[in-house]
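Since the structure comes first, as structure tokens, the remarks are kept for the end.
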Amino acid sequence: MAAKPLHEIGPAAPSAQSTAIGFALALAAGWCGPAGIIWAGEENVFSEEGAPYAPGLAQFGLDPERLIVVRAAKGEEALWAAEQGLALAGAVVVCVLSNHGRALTLKATRRLLLIAERHRSRCLLVRSLNEASAAWTRWRVQSAPSQAEARELGPPAFDVELVRNRAGPAGARFIVEWNADEHSLSERVAGDYLAAAVDRSLAPRRARA
Amino acid sequence: MPRLSTDRLLRAGRAPDDRPLAVYAKDAGAFVLTGVDQRASALGLKRAMSLADARAIYPSLNALEAAPDEDARTLDAIAAWCERFTPVVVIDAPDGLFLDIAGCAHLFGGEAALRDQIVARLAAHGFTARAALAPTPGAAWALARYESGKRNAGGIARALSPLPVEALRLDEEAASLLRRLGLKTIGQLYDAPRSAFTARAGERAMLRLDQALGRAAEALTPRRPAPPVFALKRFLEPVFTTDHMLEATRDLCADALVDVERRGGGVRHAVLHLFGVDGRDRLIEVGVSRPERSAAALVRLFREKLAQAAENLNAEFGIEAARLDITLLQRIDATPRDLVAGGGAHASAADVAAMIDLVSARLGAKRVLRAKLNAVHAPERAGAWRAALSNADAKTPQLAIAPAEVQRRPLTLFARPQPIEAMATVPDGPPIRFRWRRVLREVARAEGPERISGDWMRAECARDYYRIEDTQGRRYWVYREGFYGEDAAPRWFVHGLFA
């Protein structure tokens, strides 16, 4: 994914929107360079899913000093702000558009792709509509239940399915966990939690993310 | 504007008949005239005359009660209109204005031409004005009110000499002191021995004299703070299109930036005033996150704002003048801006700042944000957002409470915690199921409680926070306010969501 500039992430169900945003932020945190992350979203998504919360973002591995949040009133404005962010070389833009937003046409995604290619920046589009798009991949995301022992919550876990892939076959499905300290998404290994922990410490197996 | 109050009423059509008009107010139990129009003045009516005397002279006088607040509003509106001639306009209540025309007069054909233009245009709007040009505010005040209008070329001392001492803006006490001493004209004060004026009232009179003659400084407070740098442009013909306005803005930016550069600074904030033929002043503001020295960059921000404002300009009568105020200047440090070089694989901090400026200009500064972490426990106040534009140079404070100390916080927080219906098995335990957004959710895992005590100053209750995961793997940050067994049943809320 890191080699291509434009990807789409969609929630598997409307209730998974915050999980989809979380997955996009995890990818962005892993790629974040000196130019930082621009999170451009539509205001009604922020009111629906809550506003970005700096202490939580810091714990998630996003450096607050490198994050700029744009709360756009309309989808068109969020998209325009995303384009301006992509004009920064090396930047990572997370653009979150609402379900009803029709701003993102095929032409608009082509523009994003062109700008990102020209400036070697990267864009993660979060939208639920699965429509024609210039994005290299599209991922359908929902949360994956924790595997930790007892009643504890494990690291953030995502159940992701590659539903579209311009560069190869689609259909693969992974459960990936986010390690905020190492800034890495790794595939969760099957089996019980203890065995998984041992496995991971011996041979960390990275997902294609 | 000696007839401000009556001019206002006449202009508003509040005195429709052609009877002489006077305005009165209650003073020490008697009604006293505070303003008279031209016809009343021609009959010999004057300010400070009692209403009874005035009625005796002219029984059918149209006398209306004074409205000082409305007069003040009118004066302020006239002051705002005058800002098309200079950025420095001082309101001298109740009926005067000071205009500092330094650096502006050349655009209007010289000082005298500017003065005449202002008087003529105020007259066209229905306001009688008397104006005088002088090197000091005190002298201008005196000449505008007491001089007959002839031209003086002999310097201020000679011009002021024949005027009565009241022309020095004296209070009643100081004026009566001078009268008792037999000093009637300003000229007589020049030679009077200063040692005679030991009383406070006398000192005040001497200070006013020194201020009028320019021997003592006088600080006036302009209606708007005087910008450190400004550029003014007058159109020969009114302009209507944003293209023309932008062209003028380009000239103004170029002019102003020459001054800015001379001062060795950069622009942080600028305001473009577009003065309409209709008398209104339209303001367009831009902010820059880093000191900006390039006129082209400023023009780009103004172009964005003008495109946004095009519909709201209401410029159907045209714009007759424009002024650019550089309202905030900041020094530019000589040290390199950033370790990351621009044009390479990564954008420099300057590039990021330029992006912030542009997006803020179009969407509004309140929509482009950076994190602001605060060292407080209350979750709502621990993480705030500030306009990225406001102070991009300021370092974001580190999370003051070490991450290890605080338990995990959600990625997003609701502006208002959302109430949920929750069921708990043990009184002080986490919920086992809850209903949020009409969906019943079964809790699979829970961590907590983390007790966050409320701010007693804000009368907040203590909250017990839990991180819970439902059977689908979705994670919520919920809290209970209040405890079981208390008078009121505890209430549950969802405050945020985890990834």
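The values are calculated or read from the model by the stated rules, or taken from the named source; none is laboratory data. Keep in mind it's a predicted model, so treat the numbers as computed, not measured. Here the Cβ is made from the backbone with ideal geometry for all residues, glycine too, and neighbour counts use every protein chain on show.
Of the residues in segment B:213-246, how many are closer than 16 Å to B:Ala322 by Cα and loosely packed, with under 14 Cβ neighbours inside 10 Å?
4
Taking the stated definitions as given, is A:Glu49 over 19 Å from B:Ser360 (Cα atoms), at the interface with chain B (Cβ under 7 Å from one of its Cβ atoms) and charged (D, E, K, R)?
yes
How many of the residues in segment B:102-121 are crowded, with 20+ Cβ neighbours inside 10 Å and at pLDDT 90 or above?
So the answer is 3.
From the set of residues in segment B:98-132 that are hydrophobic (A, V, I, L, M, F, W, C), touching a residue at least 40 places away in the same chain (Cβ under 8 Å) and not in a helix (DSSP H, G or I), which is farthest from B:Ala212 (Cα to Cα)? Don't jump to the end; show me each part of the working.
Our first condition is that a residue be hydrophobic (A, V, I, L, M, F, W, C); within segment B:98-132, this holds for B:98-99, B:101-102, B:104-105, B:107-108, B:112-114, B:118-120, B:122-124, B:127, B:129, B:131-132.
Filter again for touching a residue at least 40 places away in the same chain (Cβ under 8 Å), leaving B:98, B:104, B:107-108, B:122, B:127, B:129.
Next, only the ones that are not in a helix (DSSP H, G or I) stay: B:98, B:104, B:127, B:129.
Numbers: B:Phe98: 14, B:Cys104: 22, B:Phe127: 26, B:Ala129: 21 Å.
Looking at the filtered set, the residue picked out is B:Phe127.
Residue check: is B:Ala79 under 14 Å from B:Pro2 (Cα atoms), buried (at least 19 other Cβ atoms within 10 Å of the Cβ) and not assigned by TED's automatic domain parsing to the domain that holds B:Gly276?
In short, no.
Among (1) in contact with a Pro (Cβ under 7 Å, 6 or more places away or on another chain); (2) of a type outside the set (Asp, Glu); (3) away from chain B (no Cβ under 14 Å), there is one condition A:Ala134 misses while meeting the rest; what is its number?
(1)
How many of the residues in segment A:35-46 are of a type in the set (A, V, I, L, M), closer than 21 Å to A:Leu88 by Cβ and more than 7 Å from chain B (Cβ to nearest Cβ)?
Matching residues across segment A:35-46 total 3.
Taking segment B:374-400, which residues are at pLDDT 85 or above and within 10 Å of chain A (Cβ to nearest Cβ)?
The answer is B:Trp385, B:Ala388.
Inside segment A:114-181, counting only strands (runs of 3 or more DSSP E) that do not spill past its ends, which hold 1 or more residues that are surrounded by fewer than 18 Cβ atoms within 10 Å (Cβ to Cβ) and of a type outside the set (Phe, Trp, Tyr)? Working first, answer last.
Numbers: elements: A:122-126, A:137-143, A:157-165, A:173-179.
Where strands (runs of 3 or more DSSP E) fall fully within segment A:114-181 and carry at least 1 residues being surrounded by fewer than 18 Cβ atoms within 10 Å (Cβ to Cβ) and of a type outside the set (Phe, Trp, Tyr), they are A:157-165, A:173-179.
If you go through segment B:247-269, how many residues are basic (Lys, Arg) and surrounded by 15 or more Cβ atoms within 10 Å (Cβ to Cβ)?
Taking segment B:247-269 first, the residues basic (Lys, Arg) are B:250, B:262-263, B:268.
Checking which are surrounded by 15 or more Cβ atoms within 10 Å (Cβ to Cβ) leaves us with B:250, B:268.
Total satisfying the criteria: 2.
Tally the residues that are more than 7 Å from every other protein chain (Cβ to nearest Cβ) and farther than 18 Å from B:Ala387 by Cα, restricting the search to segment A:52-78.
Summing the residues that are more than 7 Å from every other protein chain (Cβ to nearest Cβ) and farther than 18 Å from B:Ala387 by Cα in segment A:52-78 gives 5.
Among B:Ala371, B:Ala347, B:Ala415, which is surrounded by fewer than 17 Cβ atoms within 10 Å (Cβ to Cβ), facing chain A (nearest Cβ under 9 Å) and modelled with pLDDT of 60 or more?
B:Ala415
Identify, from the list B:Leu324, B:Leu252, the residue that is modelled with pLDDT of 90 or more and not in a strand (DSSP E or B).
B:Leu252
Could you tell me whether segment B:145-160 includes any residue that is in a helix (DSSP H, G or I) and under 30 Å from B:Arg14 (Cα atoms)?
Scanning segment B:145-160 turns up at least one residue that is in a helix (DSSP H, G or I) and under 30 Å from B:Arg14 (Cα atoms).
Could you tell me whether B:Leu183 is outside any helix (DSSP H, G or I), more than 26 Å from the chain's Cα centre (by Cα) and within 30 Å of B:Ala144 (Cα to Cα)?
Considered against the rule, which asks whether it is outside any helix (DSSP H, G or I), more than 26 Å from the chain's Cα centre (by Cα) and within 30 Å of B:Ala144 (Cα to Cα), B:Leu183 comes out as yes.
Going through B:Arg39, B:Arg19 one at a time, which residue ends up being part of a helix (DSSP H, G or I) and surrounded by fewer than 21 Cβ atoms within 10 Å (Cβ to Cβ)?
One residue alone meets the criteria, B:Arg39.
Assess whether B:Arg84 counts as being in contact (Cβ under 8 Å) with a residue 12 or more places away in the chain, crowded, with 20+ Cβ neighbours inside 10 Å and part of a loop (DSSP other than H, G, I, E, B). Before you say what the answer is, go through the steps one by one.
Details: in contact (Cβ under 8 Å) with a residue 12 or more places away in the chain: yes; crowded, with 20+ Cβ neighbours inside 10 Å: yes; part of a loop (DSSP other than H, G, I, E, B): yes.
So B:Arg84 fits the description; yes.
Report, by residue number, each residue of segment B:186-198 that is modelled with pLDDT under 75 and either under 43 Å from the mean Cα position of the chain (by Cα) or charged (D, E, K, R) (or both).
Residues satisfying the conditions are B:Phe197, B:Thr198.
Give the number of residues within segment A:138-162 that are free of Cβ contacts under 8 Å to residues at least 40 places away in the same chain and of a type in the set (S, T, N, Q).
Final tally of qualifying residues: 1.
Looking at this structure, is A:Ala12 surrounded by fewer than 24 Cβ atoms within 10 Å (Cβ to Cβ), touching a strand residue (DSSP E or B) at 6+ places or on another chain (Cβ under 8 Å) and at pLDDT 90 or above?
Yes: the conditions hold for A:Ala12.
Any chance you could count how many residues in segment B:427-450 are surrounded by fewer than 12 Cβ atoms within 10 Å (Cβ to Cβ) and either within 13 Å of chain A (Cβ to nearest Cβ) or in a strand (DSSP E or B) (or both)? Break it down stepwise before answering.
First, pick out the residues of segment B:427-450 that are surrounded by fewer than 12 Cβ atoms within 10 Å (Cβ to Cβ): B:427, B:437-440, B:442.
If we keep only those that are either within 13 Å of chain A (Cβ to nearest Cβ) or in a strand (DSSP E or B) (or both) too, we end up with B:437-440, B:442.
Total satisfying the criteria: 5.
Is there a residue being of a type in the set (A, V, I, L, M, F, W, C) and modelled with pLDDT of 85 or more anywhere in segment B:143-152?
Yes, some residue in segment B:143-152 is of a type in the set (A, V, I, L, M, F, W, C) and modelled with pLDDT of 85 or more.
Restricting the search to segment B:63-81, which residues are part of a helix (DSSP H, G or I) and among the acidic types (Asp, Glu)?
B:Asp69, B:Glu70, B:Asp71, B:Asp76
Identify, from the list B:Thr34, B:Thr74, the residue that is under 14 Å from B:Leu10 (Cβ atoms), under 34 Å from the mean Cα position of the chain (by Cα), buried (at least 17 other Cβ atoms within 10 Å of the Cβ) and modelled with pLDDT of 90 or more.
Of B:Thr34, B:Thr74, the one residue that is under 14 Å from B:Leu10 (Cβ atoms), under 34 Å from the mean Cα position of the chain (by Cα), buried (at least 17 other Cβ atoms within 10 Å of the Cβ) and modelled with pLDDT of 90 or more is B:Thr74.
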